[in-house]
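Comments concern the structure below.
The values are calculated or read from the model by the stated rules, or taken from the named source; none is laboratory data. Owing to the predicted nature of the structure, the values given are computational and were not obtained by experimental measurement. Methodologically, a virtual Cβ is constructed for each residue, glycine included, from the backbone with ideal geometry; neighbour enumeration extends over all protein chains shown. Side chains included, ligands, DNA and RNA excluded: accessible areas come from the protein's heavy atoms. Shrake-Rupley method; radii C 1.70, N 1.55, O 1.52, S 1.80 Å.
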Amino acid sequence: MTSVRVAGPADVESIVSTFNSAFFHDPVWGAAFPDEARRADQAAVMWRVYVTSALRYPWTLVTPNVEAAAIWIPPGGVELTEEEVGRLERELAEVTDERTARAIMEIGERFEEAHPAEPFFYLTILGTHADHRGKGLGMGLVAESLARIDELGAPAYLESTNPANLKRYESVGFRVRGEIAIPGGQVVTTMWRPGGAN
């Protein structure tokens with residue numbers, strides 16, 4: 001069992017740093033920022049908006065020193081408000097360009113279109129800092145998160161942008177639900193875990 005706590009405002013920059021490290025070479029989110037020399041600074045703008053927004057719910061969970069972080073959106077919640085969506089695209093355009101920003105936003109739009117109709121806990125972002133990979137921290141964090149969700153009897157849903165993670169998610173009860181085609185040519189796998197799954 002991984003020690004887990006609920007993140008607060010003081011953790012935002014540490015979570016952004018962890019996500020930057022975790023997704024730097026991700027098939028989807030790495031490629032979304034093609035200028036590798038500027039990728040970390042550019043992607044940080046996106047991660048910061050998502051992390052800050054998610055703190056409205058008590059479901060951003062981290063390991064003690066934020067080696068790994070998981071953002072869950074509870075049933076009925078929103079990943080970003082309409083105002084935040086507009087702000088994110090503007091800020092991305094400022095640090096990249098309008099075309100790149102629009103392409104990044106389209107990825108999120110395709111994800112949203114694929115969401116199941118019934119209420120669910122949404123694992124919107126999970127990442128482990130590259131310095132701490134291979135220790136089981138990320139999946140330990142997911143397992144502890146799911147234990148809390150199981151107490152509520154709720155299902156869970158996620159999109160996996162990296163095929164290497166599918167077996168890890170299957171090991172904690174997720175099953176492949178479908179696929180999302182990304183304009184860049186990547187295929188993202190959607191996964192579902194029924195309420196109370198073991």
Q.
Taking only Cα atoms of the chain, what ratio of Rg to Rh do you get with Rh as the Kirkwood inverse-distance radius?
A. 0.93
Q | Globularity index of the range 1-75, i.e. its alpha-carbon radius of gyration over 2.2 N^0.38 Å | A | 1.11
Q.
Taking the 0 to 90 degree range and rounding to the nearest ten, how far is the long axis of helix 39-54 tilted relative to the main principal axis of the chain, both from C-alpha atoms?
A. 50
Q. Between Leu166, Leu152, Leu80, which gets the highest mean-square fluctuation from a Gaussian network model of the chain, Cα cutoff 10 Å?
A. Leu152
Q: Can you figure out the FRET efficiency of Glu118 with Tyr57, using R₀ = 22 Å and their beta-carbon distance, to the nearest 0.05?
A: 0.75
Q) So how much accessible area does Leu55 have, in Å² to the nearest 10, using a 1.4 Å probe? A) 50
Q) What's the carbon and sulfur percent of the range 68-145's accessible surface, probe 1.4 angstrom, rounded to a whole number? A) 47
Q: Kindly write out, for the range 122-128 in residue order, the coupling ³J(HN,Hα) from the Karplus curve 6.51 cos²θ - 1.76 cosθ + 1.60 (θ = phi - 60°), rounded to whole Hz, with x marking Gly and Pro.
A: 10, 7, 7, 9, 9, x, 10
**Q.** Average accessible surface area per residue within the range 81-185, 1.4 Å rolling probe, Å²
**A.** 54
Q) Whole-Å semi-axes of the range 75-180's equivalent ellipsoid, largest first, each the root of 5 times a Cα gyration tensor eigenvalue? A) 27, 18, 14
Q.
From the alpha carbon gyration tensor of the range 124-198, can you work out the equivalent ellipsoid semi-axes (sqrt of 5 times each eigenvalue) and give them in Å, largest to smallest?
A. 21, 18, 9
**Q.** Distance between the range 65-87 and the range 132-174 - C-alpha centres, whole angstrom
**A.** 17
(Q) Using each residue's phi in the range 60-75, evaluate 6.51 cos²θ - 1.76 cosθ + 1.60 at θ = phi - 60° and report the 3J(HN,Hα) Karplus result to the nearest Hz, with x for Gly and Pro. (A) 9, 10, 9, 6, x, 10, 6, 5, 9, 9, 10, 9, 10, 9, x, x
Q. Karplus couplings for the range 151-165 from phi (6.51 cos²θ - 1.76 cosθ + 1.60, θ = phi - 60°), rounded to Hz, Gly and Pro as x?
A. 4, 8, x, 9, x, 9, 9, 8, 10, 9, 8, 10, x, 5, 8
Q) To the nearest 500 deg cm²/dmol, what mean residue ellipticity at 222 nm is calculated for the chain from DSSP H runs of n ≥ 4 alone, each contributing -39,500 (n - 2.57), summed and divided by the residues? A) -12500 deg cm²/dmol
